[in-house]
Amino acid sequence: SSICFELVADRTCAMTAAAGTSTLLVVALYMMTGPALQLSNRAILRSGFEAPFFVSGIGMAATGLVTRVCVALGVLKVLPVSREKLPYTPVAIVAVASAAAIGCGNAAYITLAVPFIQMLKATTPVIVLAGLALTGVERISLPMGVLTVFISAGTALAAYGEANIVFIGVVFMVSSQFAEAARCVATQHFLQGLKLEVWDAAYYLAPPTGMCLLGMSLVWEHEKLLHLQWPSPWLLLFNSLLGLLLNVANYMMLKCTSSLMMKLIVIARDLLVVVWGVFVLQESVTTLQIVGYVVSLCAFTCLSLVKLGYLASPKSKGE
């Protein structure tokens, strides 16, 4: 009896250790792929190939193609959705907003420093929350409103402290943030009832998003594509594989961690990108920017905790 109990206990410990190791590997993959994709995009765009919508388009198209092939071969399973539940118009709206968010976000890397871009990104949750509130999708409580003000103030402070602001880069970044807000609002409004997971979204939304990005590239970048010096095909392939890996990491993270852990890891990952930009890419950051970013980061952390219910007041918890 004692021996059996020890064997069961040993097996349980081994399973727990294996689960813990696999979670750590998933977190490591998630922490690396996002920043690696950002830095890969930056390297391609700053090498002289200034076609952000094309670079983003081939990456998104590759994700959609691989997902479709895997589903056709039975490697992946996606939620079957009828055309009545997923009509063309909502898909088109979400795809166009996603394409604008991704393409404009990558365009900012041509002229702006990586740490400054990450600091500007801190206001994205504020814009998304405002969009959801204005469309009646979500209510903003008093604590959420106060925290969004702190996020905005911190980002404004960081922007004020930036020594090398390029206007067109800021325009692209702000456009990306508003497009991301439009994507979130459209997704919540049109697709919330479908409960699409990461691979479902890749299967149904990545192909039209890739087509939108390549269409935008054809309209705005066709002359550049004819005259620019193209990067190595292997670099473009590597960039596309990073985009696919990021989707894999997102899917595995959702399965292995809680919502709170996911939010905290996203914050840590963004901070890692800022640190990498300062110490590895040697991009200058002022003390005022650091103070502003820390304010935004702390406020965003508290906002995430409030939205997840961890900082709710005893009265609201009882209700």
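Rule-based calculations on the coordinates, nothing more; no lab input. A quick note: this is a predicted structure, and the numbers were derived from the prediction, not measured. Positions of Cβ are generated from backbone atoms using ideal geometry, with glycine treated the same way; all protein chains shown enter the neighbour counts.
Tabulated results
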{"item": "Given charges at beta-carbon only (K, R positive; D, E negative), |dipole| of segment 145-247 in Debye", "result": "80"}
{"item": "Cα gyration tensor shape for segment 105-156, rounded if a/c is under 1.5, else prolate or oblate", "result": "oblate"}
{"item": "Full-extension gain in nm, Leu272 to Val146, via 0.36 nm per residue minus C-alpha separation", "result": "42.7 nm"}
{"item": "Computed E for Thr286/Lys77 - FRET, C-beta separation, R0 45 angstrom, nearest 0.05", "result": "0.35"}
{"item": "Full-extension gain in nm, Val69 to Phe279, via 0.36 nm per residue minus C-alpha separation", "result": "71.5 nm"}
{"item": "Cα gyration tensor shape for segment 183-253, rounded if a/c is under 1.5, else prolate or oblate", "result": "oblate"}
{"item": "By average C-beta atoms within 10 angstrom, highest first, the peptides 99-109, 236-246, 129-139", "result": "99-109, 236-246, 129-139"}
{"item": "Packing-based ranking, highest mean first, of 56-62, 166-172, 121-127 given that Cβ atoms within 10 Å are counted", "result": "56-62, 121-127, 166-172"}
{"item": "Segment 173-213: Cα Rg divided by the 2.2 N^0.38 Å rule of thumb", "result": "1.24"}
{"item": "Cα gyration tensor, segment 142-186 - rounded (a/c under 1.5), prolate or oblate", "result": "oblate"}
{"item": "Debye, to nearest 20: dipole size of segment 53-190, +1 on Lys, Arg Cβ, -1 on Asp, Glu Cβ", "result": "400"}
{"item": "Average silhouette area of segment 20-103, convex hull of alpha-carbon atoms, in square nanometres", "result": "7.8"}
{"item": "Förster radius 30 Å - calculated FRET efficiency between Thr89 and Lys224 (Cβ-Cβ, nearest 0.05)", "result": "0.45"}
{"item": "Relative packing of 275-283, 47-55, which averages over residues the other C-beta atoms within 10 Å, highest first", "result": "47-55, 275-283"}
{"item": "Sites His189 and Val294, calculated FRET efficiency, Cβ-Cβ separation with R0 41 Å, nearest 0.05", "result": "0.75"}
